[in-house]
Every structure is written in structure tokens, then in C-alpha cells.
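The values are calculated or read from the model by the stated rules, or taken from the named source; none is laboratory data. Computed from a predicted model, the values in this text were never measured in an experiment. Cβ placement follows ideal geometry from the backbone for every residue including glycine, while neighbour counts extend to all protein chains displayed. Side chains included, ligands, DNA and RNA excluded: accessible areas come from the protein's heavy atoms. Shrake-Rupley method; radii C 1.70, N 1.55, O 1.52, S 1.80 Å.
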Amino acid sequence: MSAVRLPRSPKVLVGAGIVGFFVILTVVGPWLAPDNPSATIFPPNLTPSASHWLGTTTLGQDIFSQLLVGARATMVVALVAGVVATIFSMTVGVAAGYLGGKTDDGLSLLSNVFLAIPGLPLLIVIDSYLPAGGRSNAFAIGLIISLTGWAWGARVLRAQTMSLRNRDFVEAARIIGESRRRIMLFEIAPNLLPVLASSLLFTILYSIGAYVTLAYVGLTSTAVWNWGTMMFWAQANNAPLANEWYWFVPPGICIALIGTGLALMNFGIDEFINPRLRAAGLSSKVRRASGLPRRPRLGYTPVARSALRTSPTTTKIGVR
Amino acid sequence: MRMLARRLSLYVVTAWVAITVNFLLPRLMPGNPVQTLIGKMTGQITPQQVQAIRLAFGMDLNQNLWDQYMGYWHQLLLGNLGVSITLSTPVATVLASAVPWTVGLIGVSTILSFIIGTFAGALLGWFRGSRLDSIIPVATFFQAVPYFFLGTVVLLVFGSNLHWFPVLGAYSPSVTPGMHWDFVLSLIRYGQLPVITIVLSSIAGWMLGMRNMMITMIAEDFVLMAVAKGLPRRKVIMHAARNAVLPSVANLSLAIGLVVSGALLVELVFNYPGVGNLLLQAVQNEDYPLIQGIFLIITMTVLGANLLADVLYFILDPRTRTEAAV
């Protein structure tokens, strides 16, 4: 197999660009922030101006600084939760799908139970019992969020594993006498990569939502700045009714942008897995160039070969 | 039938897990918050109420864990969820007045969102590659916005600034609740903004799922056959859509939990008198009996809704029935 072919549709590029921007912001945000986000040193309720790009809060804090500093906590918790949940869902999903039988029954039941319990109420109950130290700990919150976010991925990975387990190459490995653990880790897992990536993106998306929601409800430490805390204070000070949009709109837009970026990247992965979707998303100009009918025709959705290969003859008409 | 029986047993196990988690959580958490709470509250609430909370949590100090667990079940089956600390009313009573609001709001929004989203998705899938495709990123954006944020923006724009809709509460304070026309009209007027918010946030999932299924479905021979027979386009689309909608219906039971989670916060934004609003007040006041009661009632309601969705799927897909006959 050649190197992994990364999908290069415009959706993926835009998505990756947005996500990349916020990842950089996570790293440099707190250094770029002009002021201490907690310092109540400015006149209260300033509207946006050159010295305070997003104005100040009722307490006289610089909102732009809060936004920049808040990026880090939001992203770190989401990443912790996303990675932990994905590792867990991969372990459960691959084991259930490959081993089958009683193991599968037990593990599937476990993930179905977690899918059926509504996540947010469970999160709120667990979090409300956390002592104050736990609420300011990004790792603890991330772990709790991952507890409610792993089941979906486990289900998808199980289905994919089941479709792989009887393929010839797995059969061959079994006949050679490879151990079950080796087959799961080195034969099956690499072929789950696209599904795994999609599951990771989805879980991170979920975790951002869950963390911000917990913060908005007031269940994370108010000493830690994140975008949810910002909206919590904005709501508590009636910013929406006082028309102080510059206080509560920017964090919401940031969350929505990251979410859109992650979802766009996910579309790319979907199209990578299902070539028919790829052809369906092409514009008519690209279609003509790749020799496909200009309007999508009935009866079948062609697989756009040009999007699959990157040989010299096709790169110029490749999907850009 | 086998499929329904399997699902039903899953929900029974899930209910058991939720109840057991509810029982164990206060005991597992560091510092035993309920014990501390009872100690703190002893001066403020009557000894009878303390006893009721102890009973509902199964916290009889002289018993071992297993007996406490049995006691907890016993009280639960009697409908005793304890007493709300801040409201000094039995939790079951508080919940009985809040649950209908939430079920109504989320039920109406979910049905609307599913129907509109599925129709739109079917059209998007049929006319794939056309200008309609530009709806997809927009819908994705709305899906990525947290429900409560979208609610706040909708409230600000259409309620406070344009004054198109009333903004806070579930009905006009000048109308007395009851089964008469004025009240129903007021309910609809006040419900519009919350419903719009929930529909906007949840519609993208249905739309995209349906679009992708539709694209796969169009490649099937039976669609080509329908066109070859010369059926009008409207009929062909319906024909394909009816088959493409099945996975969406199968996903309905999964999605309900997600929608409920988001919609609870919409209640907070619009000050809707439902369970979500109650939950957040309970969290702010550290009213543990109320928090736990709400968690139980939400979980049970979601499980009930899941079962309904499964029954719907069972009715719609004949294959689930023939499988049972074999």
C-alpha cells in the first residue's frame, strides 16, 4: 500500500484550516492575550474599541483576553476527553467485533447502555458531586466527559471490525498462527484508521460541547477561563438582554467554528470511505473535467477515479 | 418481535444501571456529600424531612450497603424520591409539574425537526451536485453551535430586538392555564422560539443522514426501474425516499438522548418551566435529592421515547417482522 492518500476536497482543506488555526490559538493564545483575563482593572461595560477589541465585562475585565486565554482550557479538555474516549471505544469495539460470542454480547450491552443513558444529565449529576478541586482539574473533567462519550465510537468500530475479521488477510494471519492480540493490533487496527479518525473528530466535537455546557451551567471552576465560563458570566450579568453581544457572541462563534471545521474534516473522511459520496459532492465544472456526466445521472453515482489517484495525468483534474 | 424484545431488555438493563449509578454515586464521591448536606441542613429542615431524605437515599447508618440498596429500591418503587431541600416539597411532586412541559417542548421539536430534515435531505440527495448543496455547510454550522448559545442569539434578535415573539416563560401571565382556546394559543405563541431553536440545532443531522442514504439508494436497480417505467419524478423520489428513510428511523432512538441533552438548556435560556430549568436551579442550590430525581426521570423518559421509536421502526420495516417468523 502506498502512503495514506489524504482526501483533498475543498471541504477538508477549509475544515483543516479552521481547526489548525484554533490549535495554534490554543498554544499561543495565553501569550497573545493583552491583559490578565481576571484582573478587574478597567472601566466596566466598555463597548469594543481599539484598546479593548471586544470591550470589557461588568467587572471591568478585558473580554478579548478572556477569549484568547479561554481557548486553551476548552481545547485541552476536549482533546483529553476525545483521546481517552477513542482509546476506550477502540479497545471495546475491536475486542467485541473480533472476539464475538459472549465477549461481544457483554461489551455490546455495555456500550448500548451508555448510548441509551442521556449524556448531559449524567454528566451534571457526576459533576455536581465533584469537590471544588476536581472541577478546576482539566484532566478530571476530561475523564468524566470521556465516560459519556465513548459508546458511539465503540459501536461503529465494532461494526467495521466485524466486516474485517473474515477477510482473507486476517484469515491468513490466523492460519500462520499469529496471536489474537497481534491480529487485533497489527492486522485489524491499521485498517480501522479512517473510521477511527472520524470517531476521534466526532468525540472531540462532543467533548467541546459537553465541557462548554458544564461551564455554562456553572459546574466547572470559575477560576479557570474557558469559553463556557465566559458565557456563564455573560448570562449571569444579563448581557444578552442588555444587548452586550460582544460579551457572549464571540465565544459561541469560536465554538461553532471549531465544530464546523471538525465536521467538514469528517465529511472528507466519509467521502474517503464511500467514493459515491465523493462523486456526489463535485461541482459541475470538476465533473466535466473528470469525464463524468455534467449533471448527476440517475441509476448510479459514478466513482470519480480522478479523486482516487494522484498519477501525473490526473492531478490537474484532481479535486481541489 | 425478537428485535423488540431485545431492545426492551436493553432498556430494562439500562434503567437498572441508571438507578444503581444514582444509588452509588453519593456514596463513592469523596467526602460523602449527602451526609455533609444532611448535617448542614439539620437546623433548617424538619427532622421528618431529614428522615425522608435518608429514606430516599437509603442512608440508614445502621445498615450495610446491600440493605441500603434494597431500601433504596423499596422507596423508589413506592415513588419516594426524597424531599427537595430548597423547595421543601417531595421531589416527585416537583417533577410531576415540570415533566409535561419538557416532554411537550422536546417532543414537538423532535418530530418537526425529523420530518423537515428528512424531506430536505431527500431533496438534497436527489438534486446532489446542484446549488442546493450549499445548504450543507450552513446546516453543519448550526449543528455545531451549542443549543444554549443559539437560543440566546435567537432570543436576542427575534425577541428582544424585533419583538416578533414573546421571550420568557411558557404562556402569557394574563391567561389562566386550562383546557381552553386562549391558553392553547398562548402556549403556541410562547413555544415558537424555543421550538425554532431546537429544530435549527438538530435538523442538520437528519438532513445529512438522509442525503447520504438517498445517494446510496439512487444507485439501486429499483429506482432505475421506476424511472424506466415512466413514473413521474415526484413518485420516483418518494419511492427512493421511503427506502432511504429507514436508517434515519433506526437512528431516531439514538438521537433522542442527544436532543434532550441540548434542549434542557434551551429551557434555561427561555425560562421555560420544564425539567431542564429545574435541574439547573437544583445544581446551583446543591439540591442533591432533586438533581438525582431529575436524572432518573429524564433517563426513564428517554428510554420510553427510545422504545416508541423502535416500535415505529418495527412497523415501518417489514424485514424486522419476517425475521421473527423464520
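Can you give me the % of accessible surface on the stretch A:6-273 that is carbon or sulfur? Probe 1.4 Å, all protein chains present, nothing else counted.
Working: 7440 of 10930 Å².
So the carbon and sulfur contribution to the accessible surface is 68 percent.
Nearest 10 degrees, 0 to 90: what angle lies between the long axis of helix B:288-316 and the longest principal axis of chain B (Cα atoms)?
30 degrees
Calculate, for A:N45 and B:R27, the FRET efficiency according to 1/(1 + (r/R0)^6) with r their C-beta to C-beta distance and R0 45 Å; round to the nearest 0.05. Let's see the in-between values first.
Numbers: r = 46 Å, r/R0 = 1.03.
Efficiency, rounded to the nearest 0.05: 0.45.
Binning at 5 Å from 0, report for the stretch A:6-273 what percent of all alpha-carbon pair distances ends up in each bin.
Computed distribution, short to long bins: 1, 6, 11, 14, 15, 14, 12, 9, 7, 4, 3, 2, 1, 1, 0.
Cα convex hull of the stretch B:112-237: how many Å³ per residue?
Value for the stretch B:112-237: 149 Å³ per residue.
Using θ = phi - 60° and the Karplus relation 6.51 cos²θ - 1.76 cosθ + 1.60, list the HN-Hα couplings for the stretch A:246-261 in order, rounded to whole Hz, with x at every Gly or Pro.
5, 8, 9, 6, x, x, x, 5, 4, 4, 5, 5, 4, x, 4, x
Rounded to a whole number, what % of the accessible area of chain B do carbon and sulfur atoms account for, probe 1.4 Å?
On the way: 10490 of 15410 Å².
Here it works out to 68 percent.
Which values of log₁₀ I(q)/I(0), to two decimal places, follow from the Debye formula for chain B at q = 0.08, 0.09 Å⁻¹ with a uniform point scatterer at every Cα?
Per q value, in the given order, log10 I(q)/I(0) is -0.50, -0.62.
Mean projection of the alpha-carbon convex hull of the stretch B:183-326 over all orientations, in nm²?
Values: hull surface 51.4 nm².
That works out to 12.9 nm², a quarter of the Cα hull's surface.
How big is the A-B contact in terms of buried accessible area, both chains counted, 1.4 Å probe, rounded to the nearest 100 Å²? Each step should come with its number before you reach the end.
Details: alone 16810 and 17880 Å², together 29670 Å².
So the buried area, both faces added, is about 5000 Å².
Largest first and in whole Å, give the semi-axes of the stretch A:22-111's equivalent ellipsoid, each being the square root of 5 times a Cα gyration tensor eigenvalue.
Numbers: eigenvalues 445, 31, 13 Å².
Values for the stretch A:22-111, descending: 47, 12, 8 Å.
Taking only protein heavy atoms and a 1.4 Å probe, what accessible area per residue, in Å², does chain B have with all protein chains in place?
47 Å²
I want to check the label-to-label distance for B:N161 and B:A219. Put each point 7 Å from Cα in the C-beta direction and report it in nm to one decimal.
Calculated label separation equals 4.5 nm.
Could you list which residues have their amide H under 5 Å from that of B:V83, counting only those 5 or more apart in sequence or on another chain, with H placed in the peptide plane?
Sorted by chain and number, the residues that satisfy this are B:I53, B:V91.
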